[in-house]
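Colleague: Mind looking over this structure? Questions follow.
The values are calculated or read from the model by the stated rules, or taken from the named source; none is laboratory data. In this text the structure is predicted, and so the values were computed from the model without any measurement. Quick reminder, even Gly has a Cβ in these numbers, built from the backbone with ideal geometry, and neighbours come from all protein chains shown. The area values use the complete protein model at the heavy-atom level, side chains included, leaving out ligands, DNA and RNA. Shrake-Rupley method; radii C 1.70, N 1.55, O 1.52, S 1.80 Å.
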Amino acid sequence: MSQSTSRGPYAKTAAIRRRVVEACVDAFGQTGFYGATMKDIAKRAGISYTGLLHHFSSKEELLAAVLELRDERGTAYLESARALDPTANPVESLRGMLSVIVDNELQPGLMELHCVVSGEATSPDHPAHAYYAERYRMLRRFYAMAFQALADRGELRSSSDPETLATMTIALINGVQAQWLFDRDSVQMERSIREFLVAAVPALAGRAGARP
């Protein structure tokens, strides 16, 4: 058997799993984790319910795969922007995060997923509660490190301390994303967030919204 032929079943399995995860993005984004059913997800993915169970044994397993996909896409953008170390180059790190926001506009399903599921996950019993609690801790740390590095260089123009500014930034991003989902024609998501950041970090002006 040739190498390419031997890869066939694995490639097919990966393609099916990917299709199922994409179907979950839509399902969870529209009805939430609790509202979506395994049978509906199987229908959206174009496979049988039994076929779905062959790849994912539970809805919790599906949710984990969906959240992993979301993280992969965001991390890929930060890596391409060389923005994973907010202390080494804080301005480029913030530009990288703006690029992620630009990309999010091209993937409204993932944004709907985040808004719906993160709201549900405030309950300690939700299967994604620990994920989002850690995610917000990491984001606050990321922004706080960037703002502290800028403050140390005399490049931060804000009366708020870096930790508070980090919390405010994340709150703004979440709020603007939710508004954009309701009114995509009027709300300028990237511009609103960029202008808030530029007020605190003037060095961000120029090349705004440029994709890495």
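Colleague: Show the residue pairs that are 6+ apart or on different chains and have beta-carbon atoms under 6 Å apart, the first residue being within the range 39-61 and over 15 Å from ARG18 (Cβ atoms) and in contact (Cβ under 8 Å) with a residue 40 or more places away in the chain, the second being in a helix (DSSP H, G or I) and β-branched (Val, Ile, Thr).
Modeller: Listed by first residue and then by second, the contacts come to nothing, as the list is empty.
Colleague: Do the conditions hold for LEU139, that is, is it aliphatic (A, V, I, L, M), modelled with pLDDT under 90 and closer than 30 Å to CYS24 by Cβ?
Modeller: no
Colleague: What's the total number of residues in the range 122-134 that are touching a residue at least 40 places away in the same chain (Cβ under 8 Å) and either more than 15 Å from the chain's Cα centre (by Cα) or open to solvent by 50 Å² or more (accessible area, probe 1.4 Å) (or both)?
Modeller: Result for the range 122-134: 3.
Colleague: Check SER93, SER57, SER4 and return the single one that is of a type in the set (Ser, Thr, Tyr), part of a helix (DSSP H, G or I) and either at pLDDT 90 or above or open to solvent by 30 Å² or more (accessible area, probe 1.4 Å) (or both).
Modeller: One residue alone meets the criteria, SER4.
Colleague: Do you know which residues across the range 150-177 are more than 21 Å from GLU92 (Cα to Cα) and surrounded by 17 or more Cβ atoms within 10 Å (Cβ to Cβ)?
Modeller: Within the range 150-177, VAL176, GLN177 meet the criteria.
Colleague: Test SER123 against the criterion of being assigned to a loop (DSSP other than H, G, I, E, B) and not aromatic (Phe, Trp, Tyr), and give yes or no.
Modeller: yes
Colleague: Are any of the residues in the range 128-149 outside any helix (DSSP H, G or I), touching a helix residue (DSSP H, G or I) at 6+ places or on another chain (Cβ under 9 Å) and basic (Lys, Arg)?
Modeller: no
Colleague: Return the pairs, sorted by first residue and then second, in which the second residue is open to solvent by 20 Å² or more (accessible area, probe 1.4 Å) and not in a helix (DSSP H, G or I), the first residue lies in the range 165-179 and is of a type in the set (S, T, N, Q), the beta carbons are less than 8 Å apart, and the residues are 6+ apart or on different chains.
Modeller: GLN179/VAL187
Colleague: So, one more: Which of the residues spanning the range 136-149 are open to solvent by less than 60 Å² (accessible area, probe 1.4 Å) and free of Cβ contacts under 8 Å to residues at least 24 places away in the same chain?
Modeller: ALA144
Colleague: Answer with yes or no whether PRO108 is in contact (Cβ under 8 Å) with a residue 60 or more places away in the chain, within 18 Å of LEU67 (Cα to Cα) and either out of contact with any helix residue (DSSP H, G or I) (no Cβ under 9 Å at 6 or more places or on another chain) or buried (at least 17 other Cβ atoms within 10 Å of the Cβ) (or both).
Modeller: Considered against the rule, which asks whether it is in contact (Cβ under 8 Å) with a residue 60 or more places away in the chain, within 18 Å of LEU67 (Cα to Cα) and either out of contact with any helix residue (DSSP H, G or I) (no Cβ under 9 Å at 6 or more places or on another chain) or buried (at least 17 other Cβ atoms within 10 Å of the Cβ) (or both), PRO108 comes out as no.
Colleague: Can you give me the number of residues within the range 28-71 that are more than 21 Å from ALA15 (Cβ to Cβ) and aliphatic (A, V, I, L, M)?
Modeller: 1
Colleague: If you don't mind, there's one more thing I want to ask. Anything in the range 41-54 that is outside any loop (DSSP other than H, G, I, E, B) and open to solvent by less than 50 Å² (accessible area, probe 1.4 Å)? List them, or say none.
Modeller: ILE41, ALA42, ALA45, GLY51, LEU52
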